[in-house]
Amino acid sequence: MRFGRTLLSAAMALAIVGVAVPSARVGAATDGLAAAFTAIRGGTVWPVQGGTRDAITSTLGPRIRAATDAYDWHRGIDLHAPEGTPVVAALAGELFGVRDYADGGLTVILRHAFPEPVLFQGRSLTLFYTFHMHLSEIEPALAAAAAAGETPAVARGERIGRVGHTGNALSDHLHWELRVGTPYSLEWQLANPGSRYGADAFGFDPHVHPMLLVPPPSSHGMSLSVTTKPTPTADGLVRIATSDDDPLLDRVEVRVVRRSDGRLLQGHTLDLDERIGYDARTTAALDTPDTSRPWLSPVPFGSTSTWTTALVLPASWWSGVAGVRVRTTVRIVDAWGRSTSISW
């Protein structure tokens, strides 16, 4: 989904309420998102009432956009449910605003506080936001509060709306997002640098993996297999697979070292939360993969029990180590920091 450039209706624009981000002592901050959300996830509920993880139909990061079959950098996860299914607050917070996005449709945004400040992207953060998009309707009390410029408390499990397909959705589902620090994309921040939520205050894309809000499975469930080894004239492909009930892939690291002495010759990292390896300054840039270096080539999420994507190792990138005996390692890390790797 793309939400940095969407327009508000005049009525909905009046409903947006913002507050200054509280200052925090950096020295007291938790280092890293996984650690910060560990203290939170035990108190959350699934945002689609009666839903389960097997209803996840699209995950965070590169994917094939159903409407166009084009590469698309998805900034949340999609949860399938019939129209009218209640959507609830996954955890306690307060109403930040109600919006009607061109892409995301009717949306409820909730604001939440970390138990203690968290260090992320070089900033000490105290707040995070959950977005609930494509709703068919919004709970009347929340819609009225937003229109009046109020920010009432919202309890965990409280109904905030119902599943729909407003905006550009092709089918009924909830698009669920988690944003840290600021509710606004990096593209918006750069266009509004002096805002309390702008680039001067934050300067990073805030969308992170929503699965950080829920307890992780007992194992990461990720696997790697080499489909094609790269050569100076042919791209290499590494297959990444994970359970579609727990699509937790969050980071990919590629390291090529010389066998004789272990010296690093080539390296590249793709981090979905920190946007390492991606250009998030504009939606167009984020939706255009850099194919000159290792990149994720997505496949449709589908309805099978396993979600797969391909890591492409471009021949042009690989040609830099032509003629050298090397060892290549690909390591993948899930949202909770658990990893697996493969080498050849």
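Where a number appears in this text, it was derived from the coordinates with a stated rule and is not lab data. It should be emphasised that the depicted structure is a prediction, and the values quoted were computed from it without experimental measurement. As a convention, Cβ positions derive from the backbone with ideal geometry for all residues, glycine included, and neighbour counts pool all protein chains shown.
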Item to complete: Please arrange SER218, SER225 by counting, for each residue, the other beta carbons lying within 10 Å of its beta carbon, fewest first.
Response: SER218, SER225
Item to complete: Name the residues whose placed amide hydrogens come within less than 5 Å of the amide hydrogen of GLY167, ignoring near sequence neighbours (fewer than 5 apart) on the same chain.
Response: GLY105, LEU106
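Quote the convex hull volume per residue of the chain, based on C-alpha atoms, as a whole number of Å³. Could the numbers behind the result be given before it?
On the way: hull volume 47.0 nm³, N = 344.
Spread over its residues, the Cα hull of the chain gives 137 Å³ apiece.
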Worksheet item: Any idea what diffusion coefficient segment 122-186 gets from Stokes-Einstein, in µm²/s, Kirkwood Rh on alpha carbon pairs, 20 °C, 1.002 mPa s?
Response: 157 µm²/s
Item to complete: Would you mind getting me the FRET efficiency between ARG259 and ALA147? Use the beta-carbon distance for r and R0 = 56 Å, nearest 0.05.
Response: 0.25
Worksheet item: In percent, how large is the relative contact order of the chain, given Cα pairs closer than 8 Å and 6 or more residues apart?
Response: 18 percent
Fill in: Pair THR68, VAL324: separation of 7 Å Cα→Cβ label points (nm)
3.8 nm
Worksheet item: By count of other Cβ within 10 Å, fewest leading, how are MET133, MET222 ordered?
Response: MET222, MET133
Worksheet item: Dividing the alpha-carbon Rg of segment 222-343 by 2.2 N^0.38 Å yields what?
Response: 1.07
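How high is the FRET efficiency between VAL45 and SER316 when r is their beta carbon distance and R₀ equals 51 Å, given to the nearest 0.05?
Approximately 0.60, to the nearest 0.05.
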Practice prompt. Calculate for the chain the 222 nm mean residue ellipticity that helices alone would give, adding -39,500 (n - 2.57) per DSSP H run of length 4 or more and normalising by residue count, nearest 500 deg cm²/dmol.
Written response: -2000 deg cm²/dmol
Worksheet item: For THR306, which sequence-distant residues (separation of 5 or more, or a different chain) have an amide H within less than 5 Å of its own amide H, given hydrogens modelled in the peptide plane?
Response: ASP244
